[in-house]
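Written below as structure tokens is the structure these notes are about.
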Amino acid sequence: MHKFLARGLLIATAALVASTSALADRERQRFCSDSLVRGTYGGQLQGTQTLPNGSVQNIIGVVVRVYDGDGGVTQWDNVKNSANGYVPNRYGSGTYIVNDDCTVDIVFNPAPGFTIQERAVVVDNGRELRSITVLPTGLFVTSVQQRI
């Protein structure tokens, strides 16, 4: 009887370890796609930009972004900065890719001849995005966007 209980306990422990490992693997493998980020998002941005003369300007703004669920994005923003003042209703467009790990690569043109690259993370099953500006190197902006 003692051997039977010991074997049963050993088998139960092995099954628990195997199921815990499988659950952890499934948790690591998030299968996100472009379609997860779809719809209209409202957001706020803030940061700084190093100007060609070496001075630094502060940047704040609000933005409405529309992600089409297929890799295209359009945006209207209202931005204020300490060097040039207020820039209202600026339109831009770009592309995005949602990676399997739920990070997002965004290439965006807020104005003709100006390209911004962002890196974002999908939060709350696509209801929110949090991003940083990667390029240009002198632009340090963070953004939080929520689906509206």
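The values are calculated or read from the model by the stated rules, or taken from the named source; none is laboratory data. Computed from a prediction, not measured in an experiment: that's the story for all the values here. With ideal geometry, Cβ positions are generated from the backbone for all residues, glycine too; neighbour counts draw on all protein chains shown.
The set of residues from region 117-138 being outside any loop (DSSP other than H, G, I, E, B), more than 9 Å from the chain's Cα centre (by Cα) and without any contact (Cβ under 8 Å) to a residue 24 or more places away in the chain comprises Gln117, Asp124, Val134, Leu135.
Just to verify a result, which residue in region 92-116, among those that are of a type in the set (A, V, I, L, M, F, W, C) and surrounded by 14 or more Cβ atoms within 10 Å (Cβ to Cβ), is nearest to the chain's Cα centre (by Cα)?
Only one residue fits best here, namely Val104.
Table: residues versus (1) touching a residue at least 40 places away in the same chain (Cβ under 8 Å); (2) over 17 Å from Ser33 (Cα atoms); (3) touching a Cys at 6+ places or on another chain (Cβ under 8 Å); (4) not assigned by TED's automatic domain parsing to the domain that holds Lys80.
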site	(1), (2), (3), (4)
Gly92	no, yes, no, no
Cys102	yes, no, yes, no
Asn109	no, yes, no, no
Phe114	no, yes, no, no
Phe140	yes, yes, no, no
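Looking at (1) surrounded by 15 or more Cβ atoms within 10 Å (Cβ to Cβ); (2) within 19 Å of Ile148 (Cβ to Cβ), which is the one condition that is false for Asn125? Exception for Asn125: condition (1).
So that you can scan it fast, the table gives a plain yes or no per residue for (1) at pLDDT 95 or above; (2) on the phi > 0 side of the Ramachandran plot; (3) of a type outside the set (Gly, Ala, Ser); (4) touching a Lys or Arg at 6+ places or on another chain (Cβ under 7 Å):
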| position | (1), (2), (3), (4) |
| --- | --- |
| His2 | no, no, yes, no |
| Ala6 | no, no, no, no |
| Phe31 | no, no, yes, no |
| Gln46 | yes, no, yes, no |
| Asn58 | yes, no, yes, no |
| Arg65 | yes, no, yes, no |
| Val98 | yes, no, yes, no |
| Cys102 | yes, yes, yes, yes |
